[in-house]
């Protein structure tokens, strides 16, 4: 048993782990996992250049009209932590948050490609207020995003919002931790899911990109620290540490419960597996990584070594595992690294788990790259924030 696993785990979890199959090293790859082209672009800053750059990247992927035309598109953005969780005086959209210029350009392009409705979605930290109000608090102009397309809606998915009930999404073939999730209606009613993530390191998952961004789709009324015991709580408060990270209690009993409550309570074992379960239950059809600005050392100001960096990169792809693998390589990491290997030295690899699950390949030899070359565009995150690695100031602000 791996020394980081503190409690017995079930056979399903054991078979799903690289250690159980002797696959913890970087040599293993799943030849059956799908591969998809990934586009890389250099982009010096935010502003008007984002739109034509993303347009070219979408063209390099074969265009997005076939994906979104006549469809409802849900865009999961990354607004990790509260609006005042800044690093110094750096605007939060230049560190922890997806930048609104990237979101606005994506909304415009998706609308122009024929989407009938675009919904911008996020489970705002410890908040049940309308998403537009949260954006105002961050200094954004939400109406600029609403006006970027023909029919654009904003929804805080921590709560019911405009829905009348939570919708259940089951994990095909069974999950690693959860067999399914109860979520805001918008994820179930969207024909296409887009994940717009920030390029960052992460205290629990090593890196946080398109897949890890989906951790925030779980409503804190059900999966939060103050979630209701039997039914969802009426208010959205707190983070997801007690239920999701630590497993010290289950979600509201109205939702699917853990498959094996006796499995490890180590958050660096749990969270990567929950991410994979979520990505299986709610597949990502288009991934966009905002790496113009990002964070080295951690995902937010609550990680003491988090440092603002400027990779000046955008990455886009139709498969989230492949997109995250290319992004990891751009950050100076080996996407084929196994559990407890850099950048996953304190956790299990979401990339490996997702590839084992058949969600996509992390093997760069099987991924066609368009636009800039990885070696020429690479930005070494570990050189930017060399350590002490992952010294956390307490509970993460938006676990």
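Residue check: is residue 161 under 30 Å from residue 232 (Cβ atoms), in contact with a strand residue (DSSP E or B) (Cβ under 7 Å, 6 or more places away or on another chain) and not in a loop (DSSP other than H, G, I, E, B)?
Details: under 30 Å from residue 232 (Cβ atoms): yes; in contact with a strand residue (DSSP E or B) (Cβ under 7 Å, 6 or more places away or on another chain): yes; not in a loop (DSSP other than H, G, I, E, B): no.
Here the answer is no, as residue 161 does not meet what is asked.
Among the listed residues 112, 122, identify the single one that is out of contact with any strand residue (DSSP E or B) (no Cβ under 7 Å at 6 or more places or on another chain) and either within 27 Å of residue 224 (Cβ to Cβ) or surrounded by fewer than 24 Cβ atoms within 10 Å (Cβ to Cβ) (or both). Explain how you work it out, then say what you get.
Working: 122 fails: out of contact with any strand residue (DSSP E or B) (no Cβ under 7 Å at 6 or more places or on another chain).
Within the list 112, 122, the selection yields 112.
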Quickly run through the stretch 223-242 and pick out the residues that are surrounded by 24 or more Cβ atoms within 10 Å (Cβ to Cβ) and under 19 Å from the mean Cα position of the chain (by Cα).
-> 223, 224, 240
Taking the options 170, 214, name whichever one is modelled with pLDDT of 95 or more, closer than 29 Å to residue 38 by Cβ and surrounded by 24 or more Cβ atoms within 10 Å (Cβ to Cβ).
-> 214
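Restrict the check to the stretch 90-99 and report whether at least one residue is over 22 Å from residue 309 (Cα atoms), touching a helix residue (DSSP H, G or I) at 6+ places or on another chain (Cβ under 9 Å) and buried (at least 20 other Cβ atoms within 10 Å of the Cβ). Talk me through it step by step, then tell me what you get.
Of the residues in the stretch 90-99, the ones over 22 Å from residue 309 (Cα atoms) are none.
No - not one qualifying residue is present in the stretch 90-99.
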Note on the stretch 194-234: residues more than 18 Å from residue 327 (Cβ to Cβ) and assigned to a strand (DSSP E or B) are none
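So, residue 24, is that one touching a helix residue (DSSP H, G or I) at 6+ places or on another chain (Cβ under 9 Å), more than 21 Å from residue 329 (Cα to Cα) and either surrounded by 15 or more Cβ atoms within 10 Å (Cβ to Cβ) or modelled with pLDDT of 95 or more (or both) or not?
Details: touching a helix residue (DSSP H, G or I) at 6+ places or on another chain (Cβ under 9 Å): yes; more than 21 Å from residue 329 (Cα to Cα): no; either surrounded by 15 or more Cβ atoms within 10 Å (Cβ to Cβ) or modelled with pLDDT of 95 or more (or both): yes.
For residue 24, the condition - touching a helix residue (DSSP H, G or I) at 6+ places or on another chain (Cβ under 9 Å), more than 21 Å from residue 329 (Cα to Cα) and either surrounded by 15 or more Cβ atoms within 10 Å (Cβ to Cβ) or modelled with pLDDT of 95 or more (or both) - is not met.
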Residue 57 fails exactly one of the following numbered conditions: (1) at pLDDT 90 or above; (2) in a loop (DSSP other than H, G, I, E, B). What is the number of that condition?
-> (2)
Mind listing just one residue for me: the one in the stretch 251-271 that is in contact with a helix residue (DSSP H, G or I) (Cβ under 6 Å, 6 or more places away or on another chain) and not in a helix (DSSP H, G or I) and, of those, surrounded by the most Cβ atoms within 10 Å (Cβ to Cβ)?
-> 251
Residues that are in a loop (DSSP other than H, G, I, E, B), surrounded by 24 or more Cβ atoms within 10 Å (Cβ to Cβ) and touching a strand residue (DSSP E or B) at 6+ places or on another chain (Cβ under 7 Å), drawn from the stretch 307-343 | 311, 331
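Determine which member of the set 128, 82, 47, 139 is modelled with pLDDT under 95, out of contact with any strand residue (DSSP E or B) (no Cβ under 6 Å at 6 or more places or on another chain) and farther than 30 Å from residue 232 by Cβ. Spell out the reasoning first.
Values: 128 fails: farther than 30 Å from residue 232 by Cβ; 82 fails: farther than 30 Å from residue 232 by Cβ; 47 fails: modelled with pLDDT under 95.
Of the residues listed, the single one that is modelled with pLDDT under 95, out of contact with any strand residue (DSSP E or B) (no Cβ under 6 Å at 6 or more places or on another chain) and farther than 30 Å from residue 232 by Cβ is 139.
Starting from residues that are in contact (Cβ under 8 Å) with a residue 40 or more places away in the chain and either touching a strand residue (DSSP E or B) at 6+ places or on another chain (Cβ under 7 Å) or part of a loop (DSSP other than H, G, I, E, B) (or both), keep the ones in the stretch 235-250 and report whichever is farthest from residue 204 (Cα to Cα). Working first, answer last.
To start, the set of residues in the stretch 235-250 that are in contact (Cβ under 8 Å) with a residue 40 or more places away in the chain comprises 235-241, 244-245.
Still in the list and also either touching a strand residue (DSSP E or B) at 6+ places or on another chain (Cβ under 7 Å) or part of a loop (DSSP other than H, G, I, E, B) (or both): 235-240.
On the way: 235: 26, 236: 23, 237: 21, 238: 18, 239: 14, 240: 13 Å.
My answer is 235.
Criterion first (part of a helix (DSSP H, G or I) and free of Cβ contacts under 8 Å to residues at least 60 places away in the same chain) does residue 276 satisfy it?
Working: part of a helix (DSSP H, G or I): yes; free of Cβ contacts under 8 Å to residues at least 60 places away in the same chain: no.
No; evaluated as a whole, the condition is false for this residue.
When the stretch 100-130 is examined, which residues are found to be part of a helix (DSSP H, G or I) and touching a helix residue (DSSP H, G or I) at 6+ places or on another chain (Cβ under 8 Å)? So that I can check it myself, show each step before the final result.
Residues of the stretch 100-130 part of a helix (DSSP H, G or I): 100-112.
Matches in the stretch 100-130: 100, 101, 102, 103, 104, 105, 106, 107, 108, 109, 110.
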Scanning the stretch 357-366 for residues that are closer than 20 Å to residue 275 by Cβ and either more than 18 Å from the chain's Cα centre (by Cα) or surrounded by fewer than 22 Cβ atoms within 10 Å (Cβ to Cβ) (or both) gives 358, 363
Counting just the residues of the stretch 33-59 that are under 11 Å from residue 316 (Cβ atoms) and over 21 Å from the mean Cα position of the chain (by Cα), which one comes out surrounded by the fewest Cβ atoms within 10 Å (Cβ to Cβ)?
-> 59
Cβ pairs under 7 Å, 6+ apart or interchain, first in the stretch 148-161 and without any contact (Cβ under 8 Å) to a residue 40 or more places away in the chain and on the phi > 0 side of the Ramachandran plot, second assigned to a loop (DSSP other than H, G, I, E, B) and crowded, with 19+ Cβ neighbours inside 10 Å, ordered by first then second residue, are 161/184
Filter result for the condition that a residue is at pLDDT 95 or above and out of contact with any helix residue (DSSP H, G or I) (no Cβ under 9 Å at 6 or more places or on another chain), over 376, 356 | 376
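The values are calculated or read from the model by the stated rules, or taken from the named source; none is laboratory data. Fair warning: this is a prediction, and the values are worked out from it, not measured in the lab. Using ideal geometry, Cβ is built from the backbone for each residue, glycine included, and neighbour counts are taken over all protein chains shown.
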